[in-house]
Structure formats: structure tokens, C-alpha cells
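Trainee: Just passing along the structure, written as C-alpha cells.
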Amino acid sequence: MGISEERVVAVIMVGGPTKGTRFRPLSLNVPKPLFPLAGQPMVHHPILACRRIPNLVQIYLIGFYEEREFALYVSAISNELRLPVRYLREDKPHGSAGGLYSFRDYIMEEDPSHIVLLNCDVCSSFPLPDMLEAHKRYGGLGTVLVIKVSAESANQFGELVADPVTNELLHYTEKPETFVTNLRRMNSFEALQSATKTLPADYVRLDQDILSPLAGKKQLYTYETLDFWEQIKTPGISLRCSALYLAQYRHISPHLLATGNGSKSPTIIGDVYIHPSAKIGPNVSISANARIGAGVRLISCIILDDVEIKENAVVMHAIVGWKSSIGRWSRVQVSFILLSLHSHLPLPFLECKQKYIIAQHCFLGHHLIVKATFCT
């Protein structure tokens, strides 16, 4: 197959409602892949990264959420990119690579020369074009993106040993008990050429059933990235990931960033009211229908739809959930507060050691200090 005939298909694994319990309560209101990071759904970032791949012909989202939960987004992103994006629903979990097997006929329908596989709950710069070029040079079955980590954190991830000259993957271990190497597999994507032709059954684990057996057989190679990467497992990590994507916007999509020097109004998408005296940033994402009052200070936070933050309130390092309200002169700092639906906090001071999120329909009264708090 010549270069002009190359066709690339991307597959993004989005999981399902039996997963992601550490992301609650956010995942109770919206599927985790659609939770906004830097103003865009979580899955939007890997989709845009796939769009940069030459000769991309199709993007598949595979998971076991209900189809109706993704219907509007899939339709909108397909129209925006003018590229087919399709959601394929598994009837049940089939393992981290089982979806490839279950939907192999769909994936191979375009007769792709390469398949790019990603995980949705990963925050990365996704250097897919460069990785794909390296994959072609190696000539193996698959190429695995890797990043170096410290010895202390290495056992939290899959570890591998690679030839420093050829980059061949020689040995792979999934979350080993002893330290092997400081290279870890970035659990985000592999360019697996014709991978679905090798899958053995309808429950397939990517690490144990594919990567480990193929290691050391001149079939798998590694591509190391020096850029950012995070697994989006908890609401707290989502704050960091939102900041990373906002920083990336400055280089690849500066038009998405609001600009203001105190006199020029920012560009706002959606129904948002921001008082001119409010100070916002750095690392702040505000969703539609938000109302930001006079003298408000926002730092490193995610403000979701229909939130009202009243005069002179301060929100730092926190997520404020849908339809919530923060009263005048309140201070919310390093506070991921879990509140019951339609909760009210009239108390003047709250403090304990747990951390979580301000969930939807929560109302904090005036003159409050909320710091590292867990409320029910």
C-alpha cells in the first residue's frame, strides 16, 4: 500500500458507568468523557489530537454508556470536524482491548493501514503524527507511547524495558511489585497496525494479553514523549489537567483563550455574565450561563453551567458544580465539597481534612470560609 493509499482509523476507549467511581459525584451528573476540561468535554481533546493525523478517515468511540448519552455530542463533533465520528456501545465490559475485537468488522471496514488506539481518561499533548511516523520507521506491529517517571511512582503504572538504540520493547510488566525501569507505558494510545486480527477472544486485556506476550519479539517498539501526561482519575487531578490544556491552547488554539487587560472585554461563548471588576485566572474555565459578581476572584478552578458566584467571593483550586451558588464574601479554597442536592450552608466557618467537590444545586451562604472540606 503506497503512501497515497494510507488510511488511518482512530479508536478512543471511553469506558462506562461501572467505572470511574473515583470521579464521583461529577460522573453522576454527566458521563465522565463529557465532563468539561478547559471548556471542552474530556473526550474532545484526544479527538482533536486525532484530527491532526494525516489520512484519518474515521474516529470510533467505544464504551458501554447508553448511546443516547453521546448522541448529541457525536453529531456535533462530526459536523464540526467534517469527519465521521461514531459511538459503538458494548453490551458489557470486554476488557481493555475487548472492544477492538467486538467491533473489529467496523474498525477494519475502511481497510486501514494503521489503527491509533487511545484512552479517553488521559490528559496529554498527544504527539500522534510524530508517533505514527516513528511507527512506520520501526516496521513492527505496534508502537507504545512511554514517559519516564520516578522509581517511587513507577509501580503505579505498567513498566517496560526498551532497547536504548532500536527502541524495541523487550519486557513489559503491568503494575509490578518491584522496580524494573523508569519507563512507563502511557495508558493513552498505541498505533497497532492490524491489531484486531490478532485478538484471541471477546474479553481481551491490552496489557496482559497483547503487550506482554509480544514484548521481546521485534513486534513492539516505544516512542518516548517529553511533554505532559496525566491519568484523569479523580476530580482533583481534573483541575491540573484543565490547567495543562489551557496552557496548550496558548500554543495551538490561542483563539480559545479569553483575553483581557482590564479594559478589553473577553470573548465569551454561551450566556455568561462577568462583572467588570472580577479578576479571573490563571487556569480558570467557566461554562455557560455562569454569573460572576463584582469583586470576585477566581484562581485555578472549574466553574460549571448555571453557577452564581456573588460579590467579593474567592474560589481557589476548586470545582463548583452545576447550578450552585456561592454567597457574598465567601472564600472557597482547595475545597472539593460534596453536598447533597439542594444543600444550603448557612454556617460561618467550616473546616475538616477531606477534599472533594461542590456538587450541583448547592447553595453556600454569605461570609463563609470553606477550606479543604467534606460535607454531606
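Trainee: Which stretch or stretches of the range 52-71 have amide N atoms under 11 Å from the point lying 7 Å from R86's Cα along the Cα→Cβ direction?
Mentor: 58-61
Trainee: Then there's this: Expressed as a whole number of Å, what is the distance separating the alpha-carbon centroids of the range 286-312 and the range 27-78?
Mentor: What the calculation gives is 26 Å, centre to centre.
Trainee: Starting from the 7 Å offset along Cα-to-Cβ, what nm value, one decimal, do you get for the label separation of Q333 and A294?
Mentor: For the pair Q333/A294, the computed spacing is 2.5 nm.
Trainee: Additional query: Accessible area, 1.4 Å probe, largest first: how do W322, W229, W329 sort?
Mentor: Values: W322 35, W229 15, W329 155 Å².
Heavy-atom accessible area, descending, gives W329, W322, W229.
Trainee: Normalise the Debye intensity by I(0) for the range 15-80, one equal point scatterer per Cα, no solvent, then take log10 at q = 0.12, 0.17, 0.24 Å⁻¹ and round to two decimals.
Mentor: After summing over all Cα pairs, the log10 values are -0.33, -0.65, -1.18.
Trainee: At a probe radius of 1.4 Å, what is the per-residue accessible area of T166, in Å² to the nearest 10?
Mentor: 70 Å²
Trainee: May I ask you to list the residues of the range 24-54 whose amide nitrogen lies under 17 Å from a point 7 Å from Cα along the Cα→beta-carbon direction of A71?
Mentor: Counting only backbone N, you get 31.
Trainee: Excluding residues fewer than 8 places away in the same chain, name every one of the aspartates and glutamates whose C-alpha is closer than 14 Å to that of K279.
Mentor: Those aspartates and glutamates meeting the cut-off are E311.
Trainee: Quick one: what do you get for the range 1-132 if you divide its Cα Rg by 2.2 N^0.38 Å? Present the calculation step by step, with values, prior to reporting the outcome.
Mentor: Numbers: Rg = 14.5 Å, N = 132, 2.2 N^0.38 = 14.1 Å.
Cα-based Rg divided by the globular estimate yields 1.03.
Trainee: Another question, if that's okay. For the range 315-334 and the range 81-111, what is the separation of their Cα centres, given in Å?
Mentor: 40 Å
Trainee: To the nearest 10 square angstrom, how much accessible area does K279 have with a 1.4 angstrom probe?
Mentor: We get 130 Å² for K279.
Trainee: Please go through the residue pairs K32/K217; K92/K218; K148/K323; K92/K136; K148/K217; K32/K218 and name each one whose alpha carbons sit more than 32 Å apart in this structure.
Mentor: Details: K32/K217 37 Å; K92/K218 34 Å; K148/K323 41 Å; K92/K136 34 Å; K148/K217 23 Å; K32/K218 37 Å.
Beyond 32 Å: K32/K217; K92/K218; K148/K323; K92/K136; K32/K218.
Trainee: Further question: With every protein chain in place, what's the accessible area of S78 (1.4 Å probe, Å², nearest 10)?
Mentor: Counting only protein heavy atoms, S78 exposes about 20 Å² to solvent.
Trainee: To continue, here is another question. Using 1/(1 + (r/R0)^6) with R0 = 30 angstrom and r between the beta carbons of D111 and K233, what's the FRET efficiency to the nearest 0.05?
Mentor: On the way: r = 36 Å, r/R0 = 1.20.
That pair, D111 with K233, gives E of 0.25.
Trainee: With a cap of 13 neighbouring Cβ atoms within 10 Å, and only residues DSSP puts in a loop, list the GluC sites (Glu not before Pro) found in the range 56-165. Kindly include the intermediate steps, with their values, before the conclusion.
Mentor: On the way: sites: E66, E67, E69, E80, E90, E109, E110, E133, E152, E159; in loops: E66, E67, E90, E152.
In loop regions of the range 56-165 (DSSP not H, G, I, E or B), the sparsely surrounded GluC sites (Glu not before Pro) are E66, E67, E152.
Trainee: So between R250 and H275, what do we pick up on full extension, going 0.36 nm a residue minus the alpha carbon distance? List each step's numbers first, then the result.
Mentor: Values: separation 25, 0.36 × 25 = 9.00 nm, distance 2.44 nm.
Full extension from R250 to H275 adds 6.6 nm.
The values are calculated or read from the model by the stated rules, or taken from the named source; none is laboratory data. If you're wondering where the values come from, they're calculated on a predicted model, not measured in any experiment. Here Cβ is always computed from backbone atoms with ideal geometry, including for glycine, and neighbour counts include all displayed protein chains. For the accessible areas, the whole protein counts, side chains as well, though only heavy atoms, and no ligand, DNA or RNA atoms are used. Shrake-Rupley method; radii C 1.70, N 1.55, O 1.52, S 1.80 Å.
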